[in-house]
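To start, the structure under review is shown below, and the notes come after it.
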Amino acid sequence: MTHDHDLVLRPTEAQISAALNPPAGRNGGDLVVETLAGLGATTVFGLPGQHALGMFDALRRSDLRYIGLRVENNAGFAADAYGRITGEAAPLLLSTGPGALTSLAALQEAAAASAPVLAISSQIPTAGLGGGRHGYLHELPDQAASFRGVVKSVHTVRTQSQIPSAIAEAWKSALTVPHGPVWVEIPQDVLLAETLIPVVTGGDAFPDELPPRPELTAVAADLLSRAARPAIIAGGGVVRSDASGKLRQLAEVLKAPVVTTPGGKGAFPWKHPLSLQSWIEDRHTTDFLEDADVLLVVGSGLGELSSNYHTFKPRGRVIQIEADLGKLESNHPALGIHADARLALQALLETVVERSDTSAPERAREVLEKVSDRIASQELTLEQEVLASVRRALPASSPSFWDMTILAYWAWSAFDAKGPNHMHSAQGAGGLGYGFPAALGAAAADPTRPVLAVSGDGGALYSIAELATARQYDLNVTWLIVDDGGYGILREYMTDAFGEATATELTRPDYVALAESFGVPGVRTSPETLSEDLSKALASPGPSVVVLPVVLRMFAATHLDGEEGAG
């Protein structure tokens, strides 16, 4: 009796001949790039270094497209965005020690946002491994230890024969939900040594699925079907699993209002009658969610931002669908369903009973009116107009990438992303410097549409070197730099807390002149001309910079003292 899984495809005579007579001049680095190509990779990001030269030499013998950035952390941000836009594992090639360690902040953001990044680093020669102090350049006692608390999985290679399997295993790990960054390291001598291993031709590494347990979705469906006031919080897991269509179907069947977290931007239509938009950092929204008798949380861990800074205290039954086991019920007791958002929502759609509730759209509208009145009472017309100008200028199909800056904090709550997977920020880990290099990665992923990056002047200084990258590869990114003279949000925080700010004011360059020195067109704009100037820049192929000198203010928080700031 023959089982399907016992069948092995026999190689053709041509494949046997090629295997027995591999091309001369190949090294361990060729096994890396051949494996990546076999798995379906087309583009790699990175930065060369002495120990990694075997990989980079092999790139010229491959069909892989290489996008080289100027700082490893920025290369990591670019790979992160490429992974978010394509849903594919984005290869990131790094060198040992300082090069590898410089990528850590980017990998932390990829982990927080579930972006699939396949980082492949060199290591010191095999003879130096094991924790002794041999004095090799870039030597660390245990390089992988620096990454174990950041990435999903670590894969260490010691011989050339291990390379294809290690990379395939890492690829699968990166793309198994929850997506995330993974780490592979290969010693310098293994990469440089000539290899007689046949050319890598196979590469299937299918990620594992994570379906929900049917007894749990049955209970969840019953609770939702019988709920009087159901509501839904949609997080980044909905976007990552491409489940926004199923979310909309379920919300309409249940007549359940939906609010999206900053990571879930665009997961639900902004102007849908059931939309609470993204005002999750508002006490009026928090009150509404607390009043729900059944609250469905999809693809969110209800962390700091998504719980209005842990002031959210649900009174009803919570159902939490989450692919990251560590986030399941980590902040609130719930009917926890460990599953991919798409598969779990599909299971609920097949089981729930449609509710009849004509009041739900009206209740959602009332919340949005209360939020609007609160903001209107704070005289923040300038901030609202600036954000509206960005929205008018940006094509509806274009993605945007936002650094940690006041305008981005506004955008988390008040910006219509116009669709899932369109708005991205560094709100997962919260590091500076994300916006521009991430936008470069998105432009490399899809050159058919312009990409917007938004930074403050402080965050922009992290990424200036990548103007050279944008020009070298002619990437279609417009970079909006909001220049307020320093770290604007920290200035506000410190002034509110201590009466004055320290270490927040910055000497900075003339960003327009600096951009032009890289051969990148630049323009200085104003709030009144921003929409027109930004539209022109986005419509012009290739990179561009728009500088907006303006001091923006944040809307008042509502989490500090009950209703404080509610207007």
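Are there helices (runs of 4 or more DSSP H) fully within segment 16-106 with at least 1 residues that are among the acidic types (D, E)? List them.
28-39, 53-59, 72-86
Just to check your reading of the model, which residue among A205, A234, A193, A220 is in contact with a Phe, Trp or Tyr (Cβ under 6 Å, 6 or more places away or on another chain) and over 30 Å from F415 (Cα atoms)?
A205
Specify which of the listed residues (A193, A218, A127) is open to solvent by 30 Å² or more (accessible area, probe 1.4 Å) and modelled with pLDDT under 95.
A127
Return the total of residues in segment 407-431 being closer than 23 Å to V371 by Cα, open to solvent by less than 10 Å² (accessible area, probe 1.4 Å) and aliphatic (A, V, I, L, M).
4
Need the failing condition index for T217 against (1) over 17 Å from L343 (Cα atoms); (2) over 25 Å from the mean Cα position of the chain (by Cα), just the number.
(1)
How many residues, within segment 29-72, are surrounded by 24 or more Cβ atoms within 10 Å (Cβ to Cβ) and closer than 23 Å to A453 by Cα?
5
Does segment 342-394 hold any residues that are surrounded by fewer than 17 Cβ atoms within 10 Å (Cβ to Cβ), among the small types (G, A, S) and assigned to a helix (DSSP H, G or I), and which are they?
Residues satisfying the conditions are S372, A376, A388.
Looking at segment 495-540, which of its residues are among the aromatic types (F, W, Y) and not in a helix (DSSP H, G or I)?
Scanning segment 495-540 gives a single hit, F518.
How many of the residues making up segment 276-315 are in a loop (DSSP other than H, G, I, E, B), small (G, A, S) and more than 14 Å from A256 (Cα to Cα)?
Number of matching residues: 5.
Here is a yes/no grid of residues against (1) modelled with pLDDT under 95; (2) within 21 Å of E383 (Cβ to Cβ):
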| position | (1), (2) |
| --- | --- |
| W479 | no, yes |
| D483 | no, yes |
| D496 | yes, yes |
| P521 | no, no |
| E532 | no, yes |
| K536 | no, no |
| S540 | no, no |
| A556 | yes, yes |
| H559 | yes, yes |
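Do the conditions hold for I124, that is, is it within 30 Å of the chain's Cα centre (by Cα) and of a type outside the set (G, A, S)?
Working: within 30 Å of the chain's Cα centre (by Cα): no; of a type outside the set (G, A, S): yes.
When the stated conditions are applied, I124 does not pass them.
Quick one: which residue in P273, P207 is over 30 Å from T86 (Cβ atoms) and part of a loop (DSSP other than H, G, I, E, B)?
P273
Here is a yes/no grid of residues against (1) more than 17 Å from S300 (Cα to Cα); (2) touching a residue at least 40 places away in the same chain (Cβ under 8 Å); (3) open to solvent by 10 Å² or more (accessible area, probe 1.4 Å):
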| position | (1), (2), (3) |
| --- | --- |
| D242 | no, yes, yes |
| L247 | no, yes, no |
| A251 | no, no, no |
| T260 | no, no, no |
| G266 | no, yes, yes |
| Q277 | no, yes, yes |
| H284 | yes, yes, yes |
| F288 | yes, yes, yes |
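The values are calculated or read from the model by the stated rules, or taken from the named source; none is laboratory data. Keep in mind that what you see is a predicted model, and the values were worked out from it rather than measured. Neighbour counts are summed over all protein chains in view; Cβ atoms, including those assigned to glycine, are modelled from backbone coordinates with ideal geometry. When the accessible area is computed, the model is the full protein with side chains, heavy atoms only, and any ligands, DNA or RNA have been set aside. Shrake-Rupley method; radii C 1.70, N 1.55, O 1.52, S 1.80 Å.
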